[in-house]
Amino acid sequence: MNDEKSSSGDRAEDVPPEGMKASHADRDQVVEILRDAAGDGLLTAEELEERVETALAARTIGDLAGLTRDLPVSPAPTDPSVRSKDVVEINQRFGTLHRSGSWEVPRRLDIRMHGGDVKLDFTEAVINHEVLDLDVYVSVGGNLVLVVKPGIEVTTNDLTVGVGEVKNRTTGSDSDVPVTLRVKVTGRLRGGDVVVRYPRRTLGQWVRGESAL
């Protein structure tokens with residue numbers, strides 16, 4: 001398993017995630033998170049009022065993230081029928097996590113993201129199961145990228161999208177390759193994007209007219 005920090009290539013490399021400009025949707029999303037936290041008793045009325053006022057005036061993703069950093073990330077639902085050793089959890093706050101090479105795909109993968117990027121490259125992964133249940137919670141400023149190859153099918157129909165987008169760039173691709181893994185994506189998208197794509201070609205492959213696979 002190869003876990004390493006690196007640039008994802010899916011965000012402008014010269015601007016760190018926390019330095020990116022916050023949009024109206026980003027501010028509204030954080031206000032919603034703060035109100036939920038107050039409803040759960042995590043914030044007093046005074047704290048809520050102060051943080052909401054700061055959120056509405058925030059200029060960057062980093063400013064917004066600071067308002068929710070001390071709040072717990074939504075817990076991942078667990079299925080008692082799934083053995084614990086088959087479940088892998090990833091909690092990402094800022095920075096970039098890139099999992100590639102011959103990493104072993106579990107039966108279930110729970111990802112909680114807040115202001116960070118996670119890229120999972122399945123092209124050389126060790127696949128021992130026919131189905132991967134991928135449950136995600138993507139908060140403001142987070143982005144999840146799934147790099148797949150023919151034979152890996154990703155479905156996102158059960159993913160609830162509040163703020164953000166789901167971009168599956170593999171749908172509609174004709175392939176005679178038998179399906180070896182079905183990735184079922186569930187959970188909630190409250191900011192950022194979920195992107196499913198094939199590998200990008202290197203410069204040498206472009207020059208030689210070769211595919212990336």
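Side notes on the structure shown:
- Among the candidates Ser84, Ser74, residue that is touching a strand residue (DSSP E or B) at 6+ places or on another chain (Cβ under 7 Å) and either of a type in the set (A, V, I, L, M, F, W, C) or modelled with pLDDT under 90 (or both): Ser74
- Candidates are the residues of segment 40-67 that are over 20 Å from Gln92 (Cβ atoms) and either at pLDDT below 80 or not in a helix (DSSP H, G or I) (or both); the one that is most open to solvent (accessible area, probe 1.4 Å) is Arg59.
- Residues that are hydrophobic (A, V, I, L, M, F, W, C), more than 20 Å from Arg190 (Cβ to Cβ) and in a strand (DSSP E or B), drawn from segment 122-153: Val126, Ile127, Val131, Leu132, Val147, Ile152
- Unique residue being buried (at least 16 other Cβ atoms within 10 Å of the Cβ), on the phi > 0 side of the Ramachandran plot and modelled with pLDDT of 90 or more when the list is Gly141, Gly192, Gly187, Gly164: Gly187
The values are calculated or read from the model by the stated rules, or taken from the named source; none is laboratory data. In this text the structure is predicted, and so the values were computed from the model without any measurement. Neighbour counts are summed over all protein chains in view; Cβ atoms, including those assigned to glycine, are modelled from backbone coordinates with ideal geometry. Side chains are part of the model used for accessible areas, which takes the heavy atoms of the whole protein and leaves out ligands, DNA and RNA. Shrake-Rupley method; radii C 1.70, N 1.55, O 1.52, S 1.80 Å.
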